[in-house]
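All remarks here apply to the structure that follows.
Please treat every number below as a calculation from the coordinates, not as lab data. Just so we're clear, the structure is a prediction, and the values are computed from it rather than from any experiment. We place every Cβ from the backbone using ideal geometry, glycine too, and count neighbours over all the protein chains shown.
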Amino acid sequence: MWQRHGRSTSEALLSINQPNAPFVGTIEKSPKISLIGTLAMLVEAPGDFDLVQQGRIWALADAVSSWPNVQEAVIGVTNVMLVFEQPPADIGMLSASIVELWHRVPSRKADGKLIEIPVVYGGELGFDLPAVASRAGLSERAVIRIHSEGEYTVCAVASSPGFGYLHGLDPRIYMPRKSVPSLNMRAGSVTIGGMQTGVAVLTSPNGWNAIGWASVAMFDPQREQPSLMLPGDRVRFRIDRIEL
């Protein structure tokens, strides 16, 4: 375990997450910081999810990416993981700097590019559409209309290469993830998982609910930017065809 002036790493991190730590107001308003092994650190936004907090995660990631010894800042939903080139020499000071930055960095707006994705709703590949409609107490066409009328924000690209976690789903069509995943959901499946929507990148087991299919490649290693979606981008789904 690393030591700094007789204090353990765990003690240093504990003090950073307490109200009397340097630069900290209250636990609720400060990020939670924890270590992942010796070469990574997770910074989690306080409180419930909202786009303002997510925007601060984006801004924090932008800022710390240029810090010495930071190899990569991996954005998640309400969190960012910092990957280091070498184990940090002073965990307490680094954590204090991150907390101080969190309190002064302005939230970044979702001002990325607008992506339009044509979707074949329903049919063989949108096999969960009837279940979503039934739970919502709506017709399948109403679910399609609601989903296609929204504009969504890419909060993070994670889980698999190019998979964007999209915020902005109408609460009327929230649908819990499945307790038993579909074993072979096709790449391109347009899905709903809880309060989020997304497009499956890989053909694989998947616990989200498929309501349609899109032919647009979410990830292509041959492109200059392999991932179609980036944090802060906006997404609209356009009805290409409906199969009921």
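Scoring 101-108, 120-127, 151-158 by mean Cβ neighbours within 10 Å over their residues and listing the highest first yields 151-158, 120-127, 101-108.
Relative contact order, whole percent, for the chain stands at 19, derived from Cα pairs under 8 Å and 6 or more residues apart. Straight Cα distances below 22 angstrom link residue 109 to the lysines 29, with same-chain residues fewer than 8 positions distant left out. Highest mobility in the GNM of the chain, judged by mean-square fluctuation with C-alpha springs under 10 Å and restricted to 133, 89, 45, is found for 89. Taking 19 Å as the straight-line reach from the Cα of residue 113, the aspartates and glutamates in range (excluding those fewer than 8 positions away in the same chain) are 62, 149, 151, 220, 224, 233. Here the relative contact order of the stretch 114-243, from alpha carbon pairs under 8 Å that lie six or more residues apart, stands at 38 percent. How many nm is it between the label spots at residue 89 and residue 170, if each spot is 7 Å from the Cα in line with the beta carbon? Rounded to a tenth, the inter-label distance reads 5.7 nm. Looking at the chain alone, DSSP beta bridges between its own residues are antiparallel in about 80 percent of cases. Here the relative contact order of the stretch 89-191, from alpha carbon pairs under 8 Å that lie six or more residues apart, stands at 21 percent. Considering the values (1) 1.05; (2) 1.08; (3) 1.01, which represents Rg/Rh (Cα atoms, Kirkwood Rh) as calculated for the structure under consideration? Among (1) 1.05; (2) 1.08; (3) 1.01, the one derived from this structure is (1).
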